[in-house]
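Q: Below is the structure I would like to discuss, written out as structure tokens.
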Amino acid sequence: TLVASASTLVASASTLVASASAPAPTPALPLSLLAAANFAALKHASQRRKDSDSTPYINHPLGVALLLARAGVEDPTVLQAALLHDTVEDTRTSPAEIEAAFGRAVREVVMECTDDKGLAKAERKAAQVRNAGRKSREAQMVKLADKLYNLRDISRDVPKGWSKARAQEYFAWAREVTSKIVGVNATLEGWLEECYESATIVVDGRVWRALPKDGEDDDLGPAEGRREGEDGWARPLSV
């Protein structure tokens, strides 16, 4: 009996040790987010960004969603909408298709982030400035992350064919848009302000301030020797 009891104790102790060393259970994967990412990847499959490497377009919505997550956003509606925010505007996707797959709330946020392609480009840009402050909180968070991702991308690698003036004009316009969105997410708003203050661009072999300051030269010198990602706003996103 003593031997049996000792064996039982040893077995129990072994079980406790095994339990203690076993990894914690992995939370269920956020299937709704994976479904949205997959949907966006399929829709944007043939599209490319405007950078010198023509990187896959899907990098953008994935990066926008990552920025939101890093800024503490956990609302699945916001994160799904971030992944899908360009599908209606830039691919053959209907609002009804978004709603059928992801629900009414996601469709509404996506549509708030969708420009009217029936308007001229200048009118669309003016409408973004005019309407940014009127959007839902969810759409405003997506808009902030969307602009921040684009600004980082331009700082990292100015789109092919863009002049210094065009890149600087984009920064100025983005600041107009985001200035209308206040008190939505302090982290995103802080990152944007730092970006407007310190971001640079490289054009024609020279480094320039992305947003020139009054009375200061925006030419910061030759780009030779500048490492990709040296500008804090140009570094690749990571968790």
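Q: Helices (runs of 4 or more DSSP H) wholly in region 21-116 with at least 1 residues that are acidic (Asp, Glu) - which ones?
A: 87-90, 95-102, 104-112
Q: Now for a separate question. Among the residues in region 201-211, are any open to solvent by 30 Å² or more (accessible area, probe 1.4 Å) and part of a loop (DSSP other than H, G, I, E, B)?
A: yes
Q: Scanning for something among the basic types (Lys, Arg) and surrounded by 16 or more Cβ atoms within 10 Å (Cβ to Cβ), does region 93-105 turn up at least one residue?
A: Within region 93-105, none of the residues are among the basic types (Lys, Arg) and surrounded by 16 or more Cβ atoms within 10 Å (Cβ to Cβ).
Q: Please go through (1) touching a Lys or Arg at 6+ places or on another chain (Cβ under 6 Å); (2) surrounded by fewer than 18 Cβ atoms within 10 Å (Cβ to Cβ); (3) over 21 Å from Ser94 (Cα atoms) for Asp115 and return the number of the only condition it doesn't satisfy.
A: Of the numbered conditions (1) touching a Lys or Arg at 6+ places or on another chain (Cβ under 6 Å); (2) surrounded by fewer than 18 Cβ atoms within 10 Å (Cβ to Cβ); (3) over 21 Å from Ser94 (Cα atoms), the odd one out for Asp115 is (3).
Q: Condition check: surrounded by 13 or more Cβ atoms within 10 Å (Cβ to Cβ) and within 21 Å of Asp86 (Cα to Cα). Does Ala122 satisfy that?
A: The answer is no for Ala122.
Q: Specify which of the listed residues (Lys160, Lys135) is touching a Lys or Arg at 6+ places or on another chain (Cβ under 7 Å) and at pLDDT below 95.
A: Details: Lys135 fails: at pLDDT below 95.
Answer to the check: Lys160.
Q: For region 143-194: of the residues being outside any helix (DSSP H, G or I) and under 18 Å from Asp218 (Cα atoms), which is least open to solvent (accessible area, probe 1.4 Å)?
A: Looking at residues that are outside any helix (DSSP H, G or I) and under 18 Å from Asp218 (Cα atoms), I get Val158.
Q: Related question: Does Gln140 count as more than 21 Å from Glu89 (Cα to Cα), buried (at least 20 other Cβ atoms within 10 Å of the Cβ), modelled with pLDDT of 95 or more and touching an Asp or Glu at 6+ places or on another chain (Cβ under 9 Å)?
A: no
Q: Given the condition among the polar types (S, T, N, Q), over 22 Å from His85 (Cα atoms), in contact with a strand residue (DSSP E or B) (Cβ under 6 Å, 6 or more places away or on another chain) and at pLDDT 90 or above, answer yes or no: does some residue in region 192-205 qualify? Reasoning before the result, please.
A: Step one: of region 192-205, the residues among the polar types (S, T, N, Q) are 198, 200.
Now restrict to residues that are over 22 Å from His85 (Cα atoms): 198, 200.
Still in the running and in contact with a strand residue (DSSP E or B) (Cβ under 6 Å, 6 or more places away or on another chain): 200.
If we keep only those that are at pLDDT 90 or above as well, we get 200.
Scanning region 192-205 turns up at least one residue that is among the polar types (S, T, N, Q), over 22 Å from His85 (Cα atoms), in contact with a strand residue (DSSP E or B) (Cβ under 6 Å, 6 or more places away or on another chain) and at pLDDT 90 or above.
The values are calculated or read from the model by the stated rules, or taken from the named source; none is laboratory data. Given the structure is predicted, the values throughout are model-derived calculations rather than measurements. Using ideal geometry, Cβ is built from the backbone for each residue, glycine included, and neighbour counts are taken over all protein chains shown. Calculation scope for accessible area: heavy atoms of the full protein, side chains included, ligands and nucleic acids excluded. Shrake-Rupley method; radii C 1.70, N 1.55, O 1.52, S 1.80 Å.
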